[in-house]
Amino acid sequence: MPTERSAPGNDVLRYEVVDAIATITLDRPEALNALTVPLKAGLLAALRAVARDRSVRAVVLTGAGRAFCAGQDLKERLEPDAAPLAVEVRDRYNPIVSAMRALDRPIVGAINGVAAGAGASLAFACDIRIAAEGASFVLAFGRIGLVPDSGATWYLPRLVGPAKAAELALLGDALSAADAERFGLVMRVVPAEALAAEARAVATRLAGLAPRALALTKQALQRSWAVDLDAALEDEALRQGIAGATADHAEGLAAFLEKRPPRFTGE
Ligand code: LHQ
């Protein structure tokens, strides 16, 4: 199995590419994968590695051990050389969320356990989430006198609606995997032992679809939040023109007419 350690000196993040699927695993299970400077650097490096590697068609983001990610490592914040909060967020968190959003391949979050604070934000920034039965989402920021960051205030209302977002953000109650599925935040909840295979199966489905069309769709869905209907309609027309000129569109049509599965190349 080809395995690449993605970041300089990084022993807290695993990056593996197998059969067109990159799996990024936050790997500090003893601290519930709380985000340290090296882990954030590793995650950004892994996302950049995916961006460079055209053989990757879908990404799975998950955590090692019993948690997905407990957010910022709070012990690290006590170190004398810790960056000011605004700088930490701007320089180390925001680039990760921007890279997830800009990545022209879909990201499947395999939410294996608790996703708290910025860990919940990372889950929200995935394109699709699948959760283990025991997983939960906690906007833990308020409990320590902070505000939701790393995109939580942008993604959460869009994912679950403004009322539920306000409740989760202000009260900080944990949202169970089952409730997350009810609110549409996760696509499916599965037993913990089935999560990795399920996430991989969804990523494999995505990897078999037309890459350019998926990339254009991901961008269009995000852009739709910022524009009115007329602009969205025009944007769709433009994107359809681009997608329609690809070899993959011709292949999709041919496969349909020949009653066979398509073989998309990304051309
Ligand atoms: C941890 C952590 C953790 C360190 C568990 N850090 N060790 C951005 C920019 C800059 C600064 C500030 O923040 C941000 C954004 C944020 O992310 S703010 C929110 C930060 N996260 C939190 O406030 C969550 C803190 N953790 C928890 O509330 C609980 O650990 C949860 C609910 C996640 C899980 O609870 P339990 O299942 O009961 O586990 P536990 O609390 O016993 O934790 C297990 C170990 O993991 C424990 O270590 P120990 O050595 O005592 O066994 C914890 O200290 C450690 N851990 N979260 N964020």
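The values are calculated or read from the model by the stated rules, or taken from the named source; none is laboratory data. For clarity, every value in this text was computed on a predicted model and none was experimentally measured. Counting neighbours? That spans all protein chains shown, and the Cβs are built from the backbone with ideal geometry, glycine included. Ligands, DNA and RNA are excluded from the accessible area calculation, which covers all protein heavy atoms including side chains. Shrake-Rupley method; radii C 1.70, N 1.55, O 1.52, S 1.80 Å.
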Rg over Rh, two decimals, the chain (C-alpha only, Kirkwood Rh) | 0.98
Asp91 accessible area, assembled protein chains, probe 1.4 Å, Å² | 100 Å²
Measuring with a 1.4 Å probe in the full set of protein chains, what accessible area per residue, in whole Å², belongs to the chain?
-> 49 Å²
Largest first and in whole Å, give the semi-axes of the range 23-74's equivalent ellipsoid, each being the square root of 5 times a Cα gyration tensor eigenvalue.
-> 22, 12, 6
Toward the positive end of the charge dipole of the range 211-258, about the Cα centre and with charges on Cβ (Lys, Arg +1; Asp, Glu -1), which of Ala247, Gln222, Ala232 goes farthest?
-> Gln222
Cα radius of gyration and Dmax for the range 136-180 (Å) | 9.7, 28
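When the dipole is taken about the Cα centre of the range 4-207, and only Lys, Arg (+1) and Asp, Glu (-1) are charged at their Cβ, what size is it in debye, to the nearest 20? If you can, show how the numbers build up before the last one.
On the way: 23 positive and 23 negative charges, 102 e Å.
So the dipole magnitude of the range 4-207 works out to roughly 500 debye.
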Once Lys and Arg get +1 and Asp and Glu get -1 on their Cβ, which of Asn10, Thr62, Tyr155 lies farthest toward the positive end of the dipole of the range 4-207?
-> Tyr155
If one builds a Gaussian network model of the chain from Cα atoms under 10 Å apart, the most fluctuating residue listed among Val227, Val37, Val202 is Val227
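Rounded, prolate or oblate, given the Cα gyration tensor of the range 1-142, with a/c below 1.5 counting as rounded?
Prolate is the answer for the range 1-142, as a/c is 1.5 or above and a/b outweighs b/c.
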When the chain is treated as a GNM, springs tying every alpha-carbon pair under 10 Å, which of Ala210, Ala237, Ala49 comes out with the largest mean-square fluctuation?
-> Ala237
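Provide the percentage of antiparallel DSSP beta bridges, counting only those with both residues in the chain; round to the nearest 5.
Values: 10 of 33 bridges.
So the antiparallel bridges amount to about 30 percent of the total.
Mind running the shape call on the range 211-258? Use the C-alpha gyration tensor, a ≥ b ≥ c as the square roots of the eigenvalues: rounded below 1.5 for a/c, prolate if a/b tops b/c, oblate otherwise.
Numbers: a/c = 3.19, a/b = 2.39, b/c = 1.33.
Taking the square roots of the gyration eigenvalues as a ≥ b ≥ c, the range 211-258 is prolate.
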With a 1.4 angstrom probe the carbon and sulfur portion of accessible area for the range 6-47, in percent, totals 56 percent
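How many percent of the accessible area of the range 186-250 is carbon or sulfur, using a 1.4 Å probe?
Within the range 186-250, the accessible surface is 62 percent carbon and sulfur.
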Listed residues Glu251, Glu133, Glu181; largest mean-square fluctuation, Gaussian network over the chain with Cα springs below 10 Å, found at Glu251
Loop-resident sites, the range 209-266, for chymotrypsin sites (Phe, Trp or Tyr not before Pro), counting at most 11 other Cβ within 10 Å (DSSP) = Trp225
The chain: calculated mean residue ellipticity at 222 nm from DSSP helix runs of at least 4, using -39500 (n - 2.57) | -13000 deg cm²/dmol
